[in-house]
Each structure stands twice: as structure tokens, then as C-alpha cells.
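One structure below.
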Amino acid sequence: MKKIFFSLPGNEMLTQSLAEKCQAELGKTIIRKFPDGETYIKIDSDVKNKLVILVCTLNDPDEKLFPLYYLSQTAKELGAKSICLVSPYLAYMRQDKRFQPGEGITSDYFAKLISSFVDSLITVDPHLHRRSSLSEIYTIPTIVIHAADLISKWIKGNILNPVLVGPDSESEQWVSEVARLANAPFIILEKRRRGDEVVEISVPHVEKYKEFTPVLVDDIISTAKTMIETIDHLKSAGMKKPVCIGIHGIFANNAYSDLINAGAELVVTCNTISHESNSIKIDEAIAGRINS
Ligand code: R5P
């Protein structure tokens with residue numbers, strides 16, 4: 001089946017790179033706002049009988065959802081054979097439980113919504129904490145790409161004598177795998193989240209790693225409070241300035257500068273969300289799965 005890629009606003013670089021790597025057509029659209037704030041959608045390419053691949057990373061998801069939905073519907077009505085969503089960062093995955101009575105489990109609702117208007121989904125390391133697979137909430141076929149191999153290669157090529165540090169038990173799944181692939185030791189700390197922007201971290205005995213370069217690895221950097229709190233504890237334990245690696249750098253508000261100011265030696269992310277810290281590219285891995 002012929003493929004055609006479309007970028008949702010803000011995903012142009014990744015979309016072009018994927019289309020090139022898959023030797024596929026890059027589709028043309030007009031997506032803009034009417035003066036009243038409603039969304040205007042136009043597809044200026046032929047999509048008939050093609051696999052339409054929509055590229056839209058889903059940080060700030062509420063803003064992005066309507067254009068995505070409209071583009072998908074328009075492509076279907078114009079004869080697309082199938083619609084695949086490439087969303088390197090998948091939103092709402094952390095809201096996987098009713099933490100307080102009356103709260104919505106929005107990861108479920110979001111999954112139901114996405115599953116209702118695209119036919120398949122490709123994403124990178126979704127935050128699977130209380131769930132073991134996307135199929136528990138998504139009813140469409142999903143492909144998950146793991147960044148562990150790429151991160152470990154970056155660590156091997158850039159850091160001398162690393163010790164990997166995971167800020168909480170959830171991070172162990174990524175940190176242990178990256179550490180194994182990078183042939184490096186790792187430690188996992190304990191975290192308690194007290195609110196959206198308040199976290200407490202405890203640091204186990206790290207004396208034997210004082211000559212190592214700590215490399216904090218987490219899936220998401222959002223407010224950066226988790227990493228900042230971890231840095232403070234590593235500092236008090238007399239460790240070197242850490243390198244901070246996040247798969248998905250959301251960097252809410254001033255999180256990036258806060259993290260640098262807190263004492264991060266370097267902040268590195270994968271390009272699942274476009275940001276100046278993107279040093280690890282996932283394009284090849286995504287294109288490989290689309291082509292397979
Ligand atoms: C949490 O479960 C995730 O793995 C991250 O640790 C968390 O999302 C980081 O958030 P923040 O940067 O806001 O502390």
C-alpha cells in the first residue's frame with residue numbers, strides 16, 4: 001500500500017525525516033484557525049487507497065486533538081485506506097488511576113477517543129506504570145518503540161564511568177535496561193509525589209559511586225521537580241554533577257532552565273518532543289517499524 005505522511009503543526013521536521021526514510025510522499029495540508037478560533041482543515045494531496053500516516057506528538061494534547069481528529073476524518077472521507085497515528089509522546093498515560101475520589105481516569109478516556117478515529121498507533125516508551133500494555137486501554141493495534149538502545153549508545157559514546165540513577169521505582173524498567181545495554185551500574189531511589197509540583201526523593205548509600213558520573217534517567221521530564229529533587233540529594237551525598245536524560249522532555253513552564261540552574265551538568269532528551277535538548281534521535285527507529 002502506498003504511504004503518505006502528514007504533519008500536524010509543530011511536527012514538520014520529524015515528518016519530513018520519516019517520509020524521506022520511508023521513501024514516501026509528504027502530503028500537503030492547510031491547518032489554521034478561523035477568526036472565531038475554530039479549526040480549518042484542507043488536504044491538498046491525493047490520499048485515495050493510501051496508508052495515511054499522521055505525525056503528531058501529543059504533549060499539550062488538548063490543543064492538538066481537534067486538528068488531529070479533523071485531519072483523520074477528512075482523510076477517511078477522501079478515501080484513505082487506513083490511518084496510522086505516529087505519536088512519539090503519548091499523553092495522559094500518567095492518569096491511570098483514580099488517585100482521589102471523583103477524579104477522572106483520563107488515560108482511559110483519551111485511549112478510547114484516539115482508538116475511535118485512527119486505525120493504528122505508533123509511539124515511543126509510553127508511561128506504562130499500573131498497566132502492562134497499551135492494549136489494556138487502546139482498542140486499535142499499537143506499536144511501542146523503546147529508546148533504551150539509543151540512550152545506552154549515547155551514554156557509551158559520551159559519558160566516562162557512568163552510574164545510572166532512577167528517581168523512583170517506576171523508572172526501574174527504563175534504567176535497568178539502559179544500564180544493561182550500556183554495561184553500567186545503576187541505583188534506584190524512592191520518590192513520593194506530594195502534589196503536581198512537590199516530590200520527595202530518598203537516596204540510598206551511594207558512597208561507592210562518588211568517582212562516577214551520575215546519569216539520571218527517566219521517561220518524562222515535565223516540571224523537572226523529580227530530577228531537581230534527585231540532584232539536590234545527590235549533591236548532599238557528595239556526588240558529581242549529574243547528566244539528566246529524559247525520553248520525553250515536556251519541560252512545563254521554566255522546567256528546563258530550573259533543571260540547569262539546579263545543577264544538571266547536561267540535559268539530554270530524545271526528539272519525541274521537539275526541544276533544544278534533543279540529542280538522541282528516534283527517527284530511524286520509527287521509520288524502521290513503519291517499513292517493516
Ligand atoms: C512519573 O511517574 C514519571 O516517570 C516521571 O518521573 C515524572 O512524570 C516526572 O515529572 P516531573 O518532571 O513533573 O517531576
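Quick one: how many residues across region 230-257 are hydroxyl-bearing (Ser, Thr, Tyr) and in contact (Cβ under 8 Å) with a residue 40 or more places away in the chain?
Looking only at that region, the number is 1.
Mind telling me which of the residues Leu54, Leu71, Leu78 ends up being under 23 Å from Cys270 (Cα atoms) and either more than 16 Å from the ligand (Cβ to nearest atom) or touching a residue at least 24 places away in the same chain (Cβ under 8 Å) (or both)?
The conditions single out Leu54.
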Looking only at region 191-212, and only at residues there that are within 16 Å of the ligand (Cβ to nearest atom) and either among the hydroxyl-bearing types (Ser, Thr, Tyr) or farther than 22 Å from Phe251 by Cα (or both), the one that is modelled with the lowest pLDDT:
Val203
Among (1) within 27 Å of Glu63 (Cα to Cα); (2) at pLDDT below 95, which single condition is Ser169 missing?
(1)
Val144 being touching a Ser or Thr at 6+ places or on another chain (Cβ under 7 Å), at negative phi, away from the ligand (no atom under 11 Å from the Cβ) and in a strand (DSSP E or B):
yes
Do we have Asn278 as surrounded by fewer than 20 Cβ atoms within 10 Å (Cβ to Cβ), away from the ligand (no atom under 16 Å from the Cβ) and within 18 Å of Thr57 (Cα to Cα) here?
yes
Can you name every residue in region 65-98 that is surrounded by fewer than 14 Cβ atoms within 10 Å (Cβ to Cβ), in a loop (DSSP other than H, G, I, E, B) and among the charged types (D, E, K, R)?
Lys97, Arg98
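Yes or no, residue by residue, for (1) buried (at least 21 other Cβ atoms within 10 Å of the Cβ); (2) within 21 Å of Lys153 (Cα to Cα):
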residue: Gln173; (1), (2): no, yes
residue: Pro185; (1), (2): no, yes
residue: Leu189; (1), (2): yes, no
residue: Lys210; (1), (2): no, no
residue: Pro214; (1), (2): yes, yes
residue: Ile221; (1), (2): yes, yes
residue: Asp232; (1), (2): no, no
residue: Ile247; (1), (2): yes, yes
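Report yes if Asp149 is at pLDDT below 95, among the acidic types (Asp, Glu) and on the phi < 0 side of the Ramachandran plot, otherwise no.
The answer is no for Asp149.
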Restricting to region 246-260, name every residue that is away from the ligand (no atom under 12 Å from the Cβ) and touching a strand residue (DSSP E or B) at 6+ places or on another chain (Cβ under 9 Å).
Ile260
Which one of the conditions (1) within 19 Å of the chain's Cα centre (by Cα); (2) within 9 Å of the ligand (Cβ to nearest atom) does Glu229 fail to meet, given that it meets all the rest?
(1)
Can you report the number of residues in region 151-171 which are closer than 18 Å to Lys281 by Cα and either surrounded by 20 or more Cβ atoms within 10 Å (Cβ to Cβ) or within 16 Å of the ligand (Cβ to nearest atom) (or both)?
5
Of Asp36, Asp108, Asp62, the only residue that is of a type outside the set (Lys, Arg), over 25 Å from Glu284 (Cα atoms) and more than 22 Å from the chain's Cα centre (by Cα) is Asp36
In region 99-115, the residues that are exposed (fewer than 12 other Cβ atoms within 10 Å of the Cβ) and closer than 19 Å to Ile143 by Cβ
none
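The values are calculated or read from the model by the stated rules, or taken from the named source; none is laboratory data. The shown structure was predicted, so the numbers you read here are calculated from the model rather than taken from an experiment. Here Cβ is always computed from backbone atoms with ideal geometry, including for glycine, and neighbour counts include all displayed protein chains.
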